[in-house]
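Here the structure comes first, spelled out in structure tokens, and everything after it is commentary.
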Amino acid sequence: MPELITLGETLILFSPETDGPLRYVDRFQRRAAGAESNVAIGVSRLGHSAGWISRVGDDEFGRYLLTSLRGEGVDVSQVRLGPGPTAVMFRERGLLGRVDVFYYRRGSAASFLAPDDLDPAYWRGARLLHLTGITPALSASCRAAVYRAVELARANGLAISFDPNLRLKLWSLAEAQAVLRDLASRADWVLVGLEEGKILFERRNEQEVAEAILEAGAGAAVIKLGTEGASLHRRGERIHTPAFPAPRVVDPVGAGDGFDAGFLAGWLKGWDDVDCLRLGALVGALAVTVPGDVEGYPDWQQVQRYWQGTAGDLVTR
Ligand code: KDG
């Protein structure tokens, strides 16, 4: 029985070896990418059990995803096969570090995820459900599965965290707003990047975004502020933590999921809000230091070395 349960689509990511328009790129590295499985991997590295519910194609890419998630210690016992193929995405790195994505995911196996894929027995004893706003954008059955997950979480006493992960290539802003604001209202924590929060809630700044989230009914709003750190808002209260200085920035994608993983792992450890924010900031900062979404996420020993200030030592103590 995992402590954290999440559900969503993981894709095969083809990451370009060179920058510029994809028509000129002829070498790619194959990786796994998915906001929810990224969080599951991050939490698992930090010493907590995580289960990922999904569907993958009954194909070589699906087998690769299962092997790689299993290798990261994530429970994949609730992943089913087919009926469509494993989804694929390409990233493009343009000028000034701008990253664009191209999805080939319509009709994918994960888009067939449905409420019946959620086994109620799996939820007994779990502590936390992590959702993103990507899953409900994939299909009507995925959206129904997300709402079933909320029901199962509530029935079994799990806390719920929600990262809207606004993806306007998957649906219109109006559709996203209707569903994601509703999901936000059901969450104990809404973890959101400031820029997407402004778009989603049509507010102008951090304070207003946090107020909109709390007014919707969420327990707390955690606003990710990039190089400015992160803040946690409850009614009448704001806690802020500065960003952990990234040793170097190689690939910014995956930092938000890394932050979520650190924050949620802190909660699983029973930590207070400040320490949860600090662990989130550390994982988010380390995520950007190497290529790939999750490759930079630290394990628990690395976290301790950073806390003790010995991570830069050449000889590991
Ligand atoms: O958060 C990083 C994700 O955007 C990425 O890994 C892919 O889940 C993904 C998506 O649907 O865009």
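The values are calculated or read from the model by the stated rules, or taken from the named source; none is laboratory data. No experiment lies behind these values; they were computed from the predicted model shown. Ideal geometry is used to build each Cβ from the backbone, glycine not excepted, and the neighbour counts take in all protein chains shown. Remember, those area values only see protein heavy atoms, side chains included, never the ligands or the DNA or RNA. Shrake-Rupley method; radii C 1.70, N 1.55, O 1.52, S 1.80 Å.
Observations on the model:
- Selected from Pro245, Pro298, Pro164 as most flexible by GNM, with the chain as the system and alpha-carbon contacts under 10 Å: Pro245
- Taking all protein chains together and rolling a 1.4 Å probe, Met1 ends up with roughly 130 Å² accessible.
- In this structure the chain gives 43 Å² per residue of accessible area when probed at 1.4 Å with all protein chains present.
- The distance from the alpha carbon centre of region 70-133 to that of region 9-55 is 10 Å, rounded to a whole number.
- Within the listed set Gly125, Gly226, Gly197, the Gaussian network model of the chain (springs between alpha-carbon atoms below 10 Å) gives the highest mean-square fluctuation for Gly125.
- The phi-based Karplus calculation (6.51 cos²θ - 1.76 cosθ + 1.60; θ = phi - 60°) puts the 3J(HN,Hα) values of region 182-199 at 5, 5, 4, 5, 9, 9, 6, 10, 9, 10, 9, x, 4, 5, 6, x, 4, 5 Hz, whole numbers, x for Gly and Pro.
- Positive-pole candidate from Cys142, Ile12, Gly296, dipole of the chain, charges at beta carbon: Ile12
- The figure for Lys198 is an accessible area of roughly 60 square angstrom, using a 1.4 Å probe on the protein chains alone.
- Remark: accessible surface ordering of Glu208, Glu36 (largest first) is Glu208, Glu36, probe radius 1.4 Å.
- What you get for region 154-259, charging only the Cβ of Lys and Arg (+1) and of Asp and Glu (-1), is a dipole of about 100 debye around the Cα centre.
- Choice from Val146, Val79, Val294 with maximal GNM fluctuation in the chain (Cα, 10 Å cutoff): Val79
- Around the amide H of Ala32, modelled in the peptide plane, lie the amide H atoms of Leu13, all under 5 Å away and 5 or more residues distant in sequence or on another chain.
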